[in-house]
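What follows is a short report on a single structure.
The values are calculated or read from the model by the stated rules, or taken from the named source; none is laboratory data. On a predicted model such as this, the values are computed, not experimentally measured, just so you know. Virtual Cβ from ideal backbone geometry, glycine too; neighbours counted across all protein chains shown. For accessibility, only protein heavy atoms count, side chains too; no ligands or nucleic acids. Shrake-Rupley method; radii C 1.70, N 1.55, O 1.52, S 1.80 Å.
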Amino acid sequence: MLCWGNASFGQLGLGGIDEEIVLEPRKSDFFLNKKVRDVGCGLRHTVFVLDDGTVYTCGCNDLGQLGHEKSRKRPEHVGALDAQNIVSVSCGEAHTLALNDKGQVYAWGLATDGQLGLPGTEECIRIPRNIKSLSDIQIMQVACGYCHSLALSKGSEVYSWGQNKYGQLGIGYEFKKQTSPQLIKSLLGIPFAQIAAGGAHSFVLTLSGAIFGWGRNKFGQLGLNDENDRYVPNLLKSLRSQKIIHICCGEDHTAALTKEGGVFTFGAGGYGQLGHNSTSHEINPRKVFELMGSIVTQIACGRQHTSAFVPSSGRIYSFGLGGNGQLGTGSTSNRKSPFTVKGNWIPYSGQCPPNSEEYYCVKRIFSGGDQSFSHYFNPQNMMPPDDFRCPDSSKQIWTVNEVFIQKLLTCPTGRLPVEIADEIDGTFSSAGCLNGSFLAVSNDDHYRTSARFSGVDMNAARLLFHKLISPDHPRISQQVAASLEKNLIPKLTTSLPDVEALRLYLTLPECPLMSDVNNFTTLAIPFGTAVVNLEKAPLKVLENWWSILEPPLFLKIVELYKDVVVHLLKLYKIGIPNSERRIFTSFLHTSLKVLEILHRVNERGGQIIQYDKFYIHEIQDLIDIRNDYINWIQQQAYGMVRQSQAICSLPGNPQIFFMHAMLVIISITKALTWFFPDGCWAHRQNFSSFFFACSMPFISWQRTSPEPGTCWQIVSAEPSRLATNGLSTPMWLSRSSESGYLPRWTCSQLTFEDSDLFHLIGVVCGLAIYNFTIVDLQFPLALYKKLLNKKPSLDDLKELMPDVGRSMQQLLDYPEDDIEETFCLNFTITVENFGTTEVKELVPKGADIPVVKQNRQEFVDAYVDYIFGKSVASLFDAFHTGFHKVCGGKVLQLFQPSELQAMVIGNTNYDWKELEKNTEYKGEYWADHPTIKIFWDVFHELPLEKKKQFLLFLTGSDRIPILGMKCLKLVIQPTGGGEGYLPVSHTCFNLLDLPKYTDKETLKSKLIQAIDHNEGFSLV
């Protein structure tokens, strides 16, 4: 051991030397052939821990800080700790803490401010005592300020006690001191790597490099850009992205070490202890410039000096106050920038020079008070120096990792050993431990943790959870489940101190226990409640993290809560006792709310998974959708709630309804508009606000009882097809010789068509949905997005104007910085109106704003907004008004844009065998009638285009309903007149009059002749 600095109280342990200060490193004979595990430096005393766990102290003992009454000049054994295996120590101004290998803390020295954490009123404790209030907590680190103490547990909990004059305990300002350890509740859930204490300020460092500080800040030692004391932990934002791996404190200054080996300092700089070649104080962290060319792996702070170790040269550098020789430079001068400590230093693995006994290979440096130490090896037996960038696993919190899993899986079957059970319980009961698990260590990605990036390796989480939760180890699964259920989930809070405290919300759904149906009510639903109850800010961060998950991982969470809903509905169908209905309802509402949040994330994220993955198809078998919907309407319109119905909130969660259920709801809505006669206008208005507007005169006419044989649909298939063919062409369709009809959005508000025409088209489109009628309105998907108040995107522009869309994408993807010179664009668009060219500004003064790399996304967004918004605002408003007159209200919220589009135009997923299977027959016809058999033989032999023409002839559309062929029911009946007559269709009823043909060729000829004349009444 080498030591230097203030020796006036014997704190260097050199024995009865004459000097009061030692100006350069000097060997301590006491430590020859001894390995030192740790050194703690107080203001006037020092504590040494050897590898065998024994403790030695030296220096001032006026207040009992040595723990013995022996000599003070040389290290003396603390006999009171003989029964303990001490692993680390820390010293305050005049008190000492020692930690044993069982996580128990011992304290002695000055006690006037409660810094020992011991009961009683004694001024000082001269013999080490166990802090009993921490005996049930496994502590892994301790740190001492001048008059306060900190402890970090294996469960990532931070405790503080002692003086609180400047807020150094982090528990507020109500108490000037605390004589027993206090949990700092505001830090719960964060995974910590280290604690540190200065004179009257404190720090904690997270596993991903975030620093929280509190306490005295007179010189800016908290690095918070001011000089105000803090009574609760505050995040040091400026160092968040610097990959901090170690922090240490002096009396009024602080030093931080980065993963890359850089050093930041801040706080008091009056003696040069910040190393910036000045004596100025720094209220913000500042990198030590003169160390930037070296990789530093160890740092240590004394009262007013700082030390740093560079392994490449094997040298120690120091700066700051030197009046007591604590810099080891051979003089008492202060140093304002790093200066080499005197000594024959040699790096590890360096060549052994002659007289190698005079050379030192540093193992570890220590500083405190006005003294410094270096544990070293001779070149002949050198070992690698400690590297703070590679943390000691014994001083880390519990986490779920490969080593942990292997330790558990190698346990013998049967009852778990107590220490293993305790570790499982401690890990899975602690939010901090789980938040520190599964970190993305590749390229140190977890140091980038932010509101946009979780720092979690989800693949590691999945693999480790599946290794841990295995049928081969039921005891482990039971212990994990019990810890999650009883200790972790119930303690999850609505507000969180940091983004690192959110990680378990991302990883816990990967645990197989969560998806076990037996754990739905004990784990999945309470966890969902915690998600739903999160405050706005943490929930937004979680949503951001969910939005960048891989689709299979996101789908897993969706499937989990879909399964929970199905499980609850099955219980409901079996029967729920009245006494349990309220809690059942809350369970269901929680699960649906989680799905609602996930659905919102999915939509904002551009559909991470297909929207139909949210559909719960089992709903139609488990609940009466009709009754449930009516109950919901009553509740919404009048505040009526039937106590016997526990699930009337289901329609408020449109994301779970598949198309069949939505069509049922629309049917109910139509029936309700029939139910209220015109005289009951007030009641009908209440209901119409929730589904259809129903205010148009011809809708009122439709409600009258139809005569037999007349068409129920005001927009029947054939008239609607003829009408829409005529109406849609001048608006949004233009003829192209290359690709037929292409969607085209009118790009000007100037048009020869009156807005009433657009209003009428909107009515027709709405009626198509209202009456489940397919019409040939080939509008782009963007139109349906706008109807549902969703913004069109660049993808919609690519559909509408492929060339322009590709150009915009090229602009976004262009990798160079010379966008202005290459593309020559500004925030304008050129449009043509009746043969004249106009330049429109996309934003105010857009002609003066060039498109550059920094604003290209804004340009594309503005371009898309103009095409789909401003350019057609008045015309779309007319269309929107017409559509919503017929088909507005809350029912519309059930649909996705593509579903709404399919409701209007149908789909082309043809299944001709299904069509034959669903066909009904009247009169003399049945499935095996000779004419019917001939008919289907002919039909199935027709080419696809002729089959589609047949659908057009019979139903008025060559497309099929959104639910497929199973929803298209044809009726075939015989007709008189002989084989010379053609087949006749009744499009309103999908009814085919088929003469009794006996010959296949005749039937084929007549059928083709009929379907070739499928418009109007040309054969009449």
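As a length-normalised measure over Cα pairs under 8 Å and 6 or more apart, the relative contact order of the stretch 745-905 settles at 45 percent.
Spacing of the modelled spin labels on Asn533 and Ser586, each 7 Å from Cα toward Cβ, amounts to 0.9 nm. Considering only Met801, Gly5, Ala98, and ranking their Cα positions along the charge dipole of the chain that arises from unit charges at the beta-carbon of Lys, Arg, Asp and Glu, the one farthest toward the positive end is Ala98.
Could you do me a favour and compute the accessible area per residue for the stretch 773-874, 1.4 Å probe, result in Å²? If you can, show how the numbers build up before the last one.
On the way: 5400 Å² over 102 residues.
Roughly 53 Å² per residue, with all protein chains present.
What is the chain's relative contact order, in percent, from Cα pairs under 8 angstrom and six or more apart in sequence?
Normalised by residue count, the contact order of the chain is 6 percent.
For the stretch 454-574, the Kirkwood estimate of the hydrodynamic radius, built from every pair of different alpha carbons, is 15.2 Å.
Applying the Karplus relation 6.51 cos²θ - 1.76 cosθ + 1.60 with θ = phi - 60° to the stretch 133-138 yields 3J(HN,Hα) values of 5, 9, 5, 8, 10, 8 Hz, where x marks Gly and Pro. With all protein chains present, how much of the accessible area of the stretch 745-905 (probe radius 1.4 Å) comes from carbon and sulfur, to the nearest whole percent? Accessible surface attributable to carbon and sulfur in the stretch 745-905 totals 51 percent.
The accessible-area ordering, largest first, of the residues Val441, Val804 stands as Val441, Val804, per a 1.4 angstrom probe. Using 0.36 nm per residue and subtracting the Cα-Cα separation, the extra length available between Gln406 and Asp516 on full extension is 37.2 nm.
The phi-based Karplus calculation (6.51 cos²θ - 1.76 cosθ + 1.60; θ = phi - 60°) puts the 3J(HN,Hα) values of the stretch 534-548 at 4, 5, 4, 5, x, 5, 5, 5, 4, 4, 4, 5, 4, 5, 10 Hz, whole numbers, x for Gly and Pro.
Between the stretch 1-23 and the stretch 51-127, what's the alpha-carbon centroid distance in Å? The stretch 1-23 and the stretch 51-127 have Cα centres spaced 20 Å from each other. Go through the stretch 56-131 and name the GluC sites (Glu not before Pro) that are in a DSSP coil and have 13 or fewer other Cβ atoms within 10 Å of their Cβ. In loop regions of the stretch 56-131 (DSSP not H, G, I, E or B), the sparsely surrounded GluC sites (Glu not before Pro) are Glu69, Glu122, Glu123. Summary value for the stretch 906-1013: 33 percent relative contact order, contacts being C-alpha pairs under 8 angstrom separated by 6+ residues. Of the peptides 446-453, 617-624, the ranking by mean beta-carbon count within 10 Å, highest at the top, reads 446-453, 617-624.
I'd like the orientation of helix 625-638 relative to the chain: the angle between its Cα long axis and the longest Cα principal axis, in ° from 0 to 90, rounded to 10. With rounding to tens, the tilt is 70 degrees. Using the Cβ-Cβ distance between Asp18 and Lys287 with R0 set to 41 Å, the FRET efficiency works out to roughly 0.50. Cα centroid separation, the stretch 251-289 to the stretch 881-937: 75 Å. Amide H contacts of Gly67: none lie under 5 Å away among residues 5 or more positions distant or on a separate chain (H built 1.01 Å from N in the peptide plane; Pro and chain starts excluded). Taking only the C-alpha atoms of the stretch 745-905, Rg followed by Dmax gives 17.7, 55 Å. Of the residues Leu555, Pro792, Phe339, the one whose Cα sits farthest toward the positive end of the charge dipole of the chain, with +1 on the Cβ of Lys and Arg and -1 on the Cβ of Asp and Glu, is Phe339. Couplings 3J(HN,Hα) for the stretch 499-504, derived from phi with the Karplus relation 6.51 cos²θ - 1.76 cosθ + 1.60 (θ = phi - 60°), are 4, 5, 7, 9, 4, 5 Hz, where x marks Gly and Pro.
Based on DSSP H segments of at least four residues, each scored -39500 (n - 2.57), the chain has a per-residue ellipticity at 222 nm of -9500 deg cm²/dmol. If the chain linking Val441 and Lys917 were pulled fully straight, counting 0.36 nm for each residue of separation and taking away their Cα-Cα distance, it would gain 165.5 nm.
Report the extension gain between Lys1000 and Ala873 in nm, rounded to one decimal, defined as 0.36 nm multiplied by the number of residues separating them, less their alpha carbon distance.
Here the segment from Lys1000 to Ala873 would lengthen by 40.1 nm.
Positive-end ranking of Pro128, Leu169, His276 along the dipole of the stretch 2-377, with charges on Cβ about the Cα centre, is headed by His276.
Taking the inverse of the mean reciprocal distance over all distinct Cα pairs, the Kirkwood hydrodynamic radius of the chain comes to 34.8 Å.
For the stretch 402-636, dividing the convex hull volume of the Cα atoms by the residue count gives 151 Å³ per residue. What separates the Cα centres of the stretch 831-877 and the stretch 603-631 is a distance of 38 Å. Ordering of 137-143, 502-508 by packing is 502-508, 137-143, highest average first (other Cβ atoms within 10 Å, averaged per residue). Between the Cα long axis of helix 581-604 and the first principal axis of the chain there is an angle of about 90°, rounded to the nearest 10. Amide hydrogen proximity for Ile972: with H placed 1.01 Å from N in the peptide plane, the residues at 5 or more positions away or on another chain lying under 5 Å are Glu920, Tyr921, Lys922, Leu992. Other residues lying with their Cβ under 11 Å from the Cβ of Asn6 contribute a combined charge of -1, Lys and Arg counting +1, Asp and Glu -1. Evaluated with a Cβ-only charge set (Lys, Arg +1; Asp, Glu -1), the chain carries a dipole of roughly 1900 debye about its Cα centre, given to the nearest 20. Placing +1 on each Lys and Arg Cβ and -1 on each Asp and Glu Cβ, with no other charges, gives the stretch 906-1013 a dipole about its Cα centre of roughly 240 debye. Within the stretch 167-224, none of the trypsin sites (Lys or Arg not before Pro) combine a DSSP coil assignment with at most 10 other C-beta atoms in a 10 angstrom radius. Tell me the angle of helix 755-770 to the major Cα principal axis of the chain, expressed in degrees between 0 and 90 and rounded to the nearest ten. It is inclined by approximately 90 degrees.
The amide H of Gln194, built 1.01 Å from its N in the peptide plane, has Leu205 as neighbours under 5 Å, considering only residues 5 or more places off or on other chains.
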